[in-house]
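What follows is a single structure, written as structure tokens, with notes after it.
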Amino acid sequence: MADTAQSSTNAIPYEDMLKSGMHFGRKKTVFNPKMKDYVFIVRDGICIIDLLKTQSQLGQATEFMKEITQKGGLILFVALTKQSITATKELAEALNMPYVVERWLGGTLTNFKVISGRIKQFEELEKSQKEGALEKYTKKEKLVIENELKKMRQKFEGLKRLTRIPDAVFVTSLKESALPIREARLMKVKVVGIANTDSDPSGIDYAIPANDRSKKSVDLIINALKDHLSNV
């Protein structure tokens with residue numbers, strides 16, 4: 001498995017990681033000591049991430065996620081930072097997996113039954129609209145329904161494929177994903193995440209040390225995952 005994991009990391013050349021700024025962590029003043037194993041050096045007050053560790057961790061995370069997809073499992077992709085939304089959504093759609101972008105709905109995992117019911121309501125309302133069933137309502141009533149549908153689409157569009165509790169959750173920023181990670185842990189769901197130097201990686205199963213604030217850095221990681229997981 002080690003050889004396979006190593007081959008997975010070759011998807012991102014070291015030079016490309018450097019160009020994307022993937023090695024730039026946060027300032028030393030906000031450094032989390034639990035990230036010390038992933039820091040190469042502190043330069044001008046900035047923690048510099050060891051990209052060889054990033055490659056290794058990414059390889060392990062990729063293999064773990066590949067095993068899930070090979071078994072027909074479910075991975076929930078979560079992107080709560082602006083710079084990660086587009087790439088994460090594209091990755092999830094390419095894999096036919098559920099996703100959450102921008103805002104996490106409290107209870108998505110811990111109160112799944114209620115959330116699942118809301119998703120079904122959304123799908124039924126969306127179906128009614130497509131079939132022209134809303135034409136019987138007045139213009140004002142239709143507007144109210146359409147506005148409600150728009151709000152529901154923002155909340156539930158990416159969750160249509162969340163037919164059960166997922167086998168794993170992937171977060172694009174460990175620091176910004178406290179709530180989904182907490183819910184995943186409560187439901188005993190494995191977590192994979194991109195961890196900057198201000199994060200606590202001890203709370204997740206697979207931490208990928210990298211700059212989570214750089215769109216280029218996040219895109220490189222997500223595209224590497226897409227390349228390897230799409231071929232399963």
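The numbers here are math on the coordinates, done by the rules we state, and not lab data. No experiment lies behind these values; they were computed from the predicted model shown. Every residue, glycine among them, receives a Cβ derived from its backbone with ideal geometry; neighbour counts consider all protein chains shown.
Which FRET efficiency value, to the nearest 0.05, is calculated for V42 and L149 with the Förster distance at 41 angstrom and r the Cβ-Cβ distance?
In this case the efficiency is close to 0.20.
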**Complete:** If every Lys and Arg gets +1 and every Asp and Glu gets -1 at its Cβ, then about the Cα centre region 40-89 yields a dipole, in debye to the nearest 20, of 180 debye
**Request:** Return, ordered by residue number, the residues of region 36-65 whose backbone nitrogen is under 18 Å from a label point located 7 Å along Cα→Cβ of K27.
**Result:** 42-49
**Prompt:** For region 112-159, what is the convex hull (Cα atoms) projected area averaged across all directions, in square nanometres?
**Reply:** 3.3 nm²
**Prompt:** With charges set only on the Cβ (+1 for Lys and Arg, -1 for Asp and Glu), what does the dipole of region 152-210 come to about its Cα centre, in debye to the nearest 20?
**Reply:** 380 debye
**Message:** Let's see if you can work this out: charge +1 on each Lys and Arg Cβ, -1 on each Asp and Glu Cβ, no other charges. What is the dipole magnitude of region 108-188 about its Cα centre, in debye to the nearest 20?
**Reply:** 160 debye
**Request:** Pull out the extension gain between L18 and K136, defined as 0.36 nm times the separation in residues minus the alpha carbon to alpha carbon distance; nm, one decimal.
**Result:** 36.6 nm
**Fill in**
Among K113/K151; K34/K113; K113/K226; K113/K139, the pairs whose Cα-Cα distance exceeds 26 Å are K34/K113; K113/K226; K113/K139
**Request:** May I ask you to work out the translational diffusion coefficient for region 1-133 at 4 °C, viscosity 1.567 mPa s, via Stokes-Einstein with Rh from the Kirkwood sum over Cα pairs, reported in whole µm²/s?
**Result:** 71 µm²/s
**Alpha-carbon Rg with Dmax, taken over region 94-197, Å** = 16.3, 56
**Top positive-direction residue, dipole computed over the chain with Cβ charges, set F40, G73, V169** = V169
**Item:** Long-range Cα-Cα pairs in the chain (distance over 24 Å), rounded percent
**Value:** 47 percent
**Request:** Divide by every residue of the chain the summed helix terms, -39500 (n - 2.57) for each DSSP H run of at least 4, and state the resulting mean residue ellipticity at 222 nm, rounded to the nearest 500 deg cm²/dmol.
**Result:** -14500 deg cm²/dmol
